[in-house]
Amino acid sequence: MGNQYVPPKIWVNETDVANKWANINSPEAGARYEQALPVGEHALQLYSLGTPNGQKVTIMLEELLALGIKAAEYDAFLINIGEAQQFSSGFVGVNPNSKIPALLDQSGDEAVNVFESASILVHLAEKFGQFLPKAGAARTQVFNWLFWAQGSAPFLGGGFGHFYAYADEKQEYPINRFAMETKRQLDVLNQQLANNSYVSGETYSIADMAIWPWYGNLVLGNLYDAAEFLQVDSYPHVVRWANMLALREGVQRGRIVNRSWGEAWEQLPERHSAADIDKVLALEPR
């Protein structure tokens, strides 16, 4: 078997100084340094990054604003995970798990911290009465697919994405293992979307907002540059749905918030008003 890895009797954290992500990660939780979070003028304060998990929440907020719900106005501050900003005392105070996104809702008598992207989506949906049926089978279907996304996306991101795009060495077994699982998940979605306009049925919901940033971006070629490798054209219903959502104003606006890479018209590290997004989108070539 050659240089097959043999796990030691007791695991020890040995970071690779050549890999910046290995040096950021740690087996220990909690704050690593003292630093307060910035606070804007709106009741909703978002601390995030424009990755798929971050896009879920900014798309939701922009969809609410597109409905004319002014109370959904928000400030979005960039949390640069490459610089370990998720380990500041301020951020850990909002999310003890040190993962983006994190939301501070100051609209009530007592501020509420909300973390985990699905929890934030549910919080906002219930707060504003949008994108989540109030009862019955339709509500259950939205939750089915919302939690499907929470359980499935780590295999796409932390599994396939890590080994295909980010790992120091390309390894056949993990790439094949997670490519197979990603394609299986795409097939699950494809079969569901064959008979439904949206993921949970005929109504756009937080389930779509949770799934599109991962699987929509993947089939549209915006994630890991892996569309050809995974033969995403084999999933025409997912591609149809992904393109349909990409035309929505809320998706177009939300996908660029807290983003600091890509084309100039895709980058808006901080957002404090609708005008901030307007200025950036105006840079897109027509």
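Read-outs throughout are calculated quantities, based only on the coordinates presented, and are distinct from any laboratory measurement. As the structure is a prediction and not an experimental result, all values here were calculated from the model. Cβ coordinates were reconstructed from backbone atoms using ideal geometry, including for glycine residues, and neighbour counts include every protein chain displayed.
So the values come out like this:
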{"quantity": "Candidates E181, E14, E73, ranked by Gaussian network fluctuation over the chain, Cα under 10 Å, top entry", "calculated": "E14"}
{"quantity": "Under 30 Å from K170, Cα to Cα: lysines that are on another chain or at least 8 residues apart", "calculated": "K9, K20, K56, K99, K183"}
{"quantity": "Between the range 15-87 and the range 182-238, the Cα center-to-center distance that results, in Å", "calculated": "25 Å"}
{"quantity": "Cα gyration tensor, the chain - rounded (a/c under 1.5), prolate or oblate", "calculated": "oblate"}
{"quantity": "Set of aspartates and glutamates with alpha-carbon distance to K70 below 18 Å, sequence-local pairs under 8 removed", "calculated": "E41, E62, D105, E126, E249, D276, D278"}
{"quantity": "Built amide H within the under 5 Å cut-off of R259, gap 5+", "calculated": "G50, L268"}
{"quantity": "Spin-label model distance (nm) - T203 vs V188, 7 Å beyond Cα toward Cβ", "calculated": "2.4 nm"}
{"quantity": "The range 1-130: antiparallel DSSP beta bridges as a percent of all, rounded to 5", "calculated": "55 percent"}
{"quantity": "Burial ranking of peptide ranges 213-223, 157-167, 131-141 (average Cβ count within 10 Å, highest at the top)", "calculated": "213-223, 157-167, 131-141"}
{"quantity": "Estimated distance in nm for a label pair at D233 and D168, the labels positioned 7 Å out from Cα along Cα-to-Cβ", "calculated": "3.8 nm"}
{"quantity": "E28 versus A282: modelled label distance in nm, points set 7 Å from Cα along the beta carbon direction", "calculated": "4.9 nm"}
{"quantity": "Peptides 42-54, 234-246 ordered by average Cβ neighbours within 10 Å, highest first", "calculated": "42-54, 234-246"}
{"quantity": "Most fluctuating residue given options P269, P96, P174, as computed from a GNM of the chain linking Cα atoms under 10 Å", "calculated": "P174"}
{"quantity": "Backbone HN-Hα couplings from phi across the range 78-83 [Karplus 6.51/-1.76/1.60, Hz, Gly and Pro as x]", "calculated": "6, 10, 7, 6, x, 9"}
{"quantity": "FRET efficiency estimate (nearest 0.05) - Cβ-Cβ, A275 to E83, R0 35 angstrom", "calculated": "0.80"}
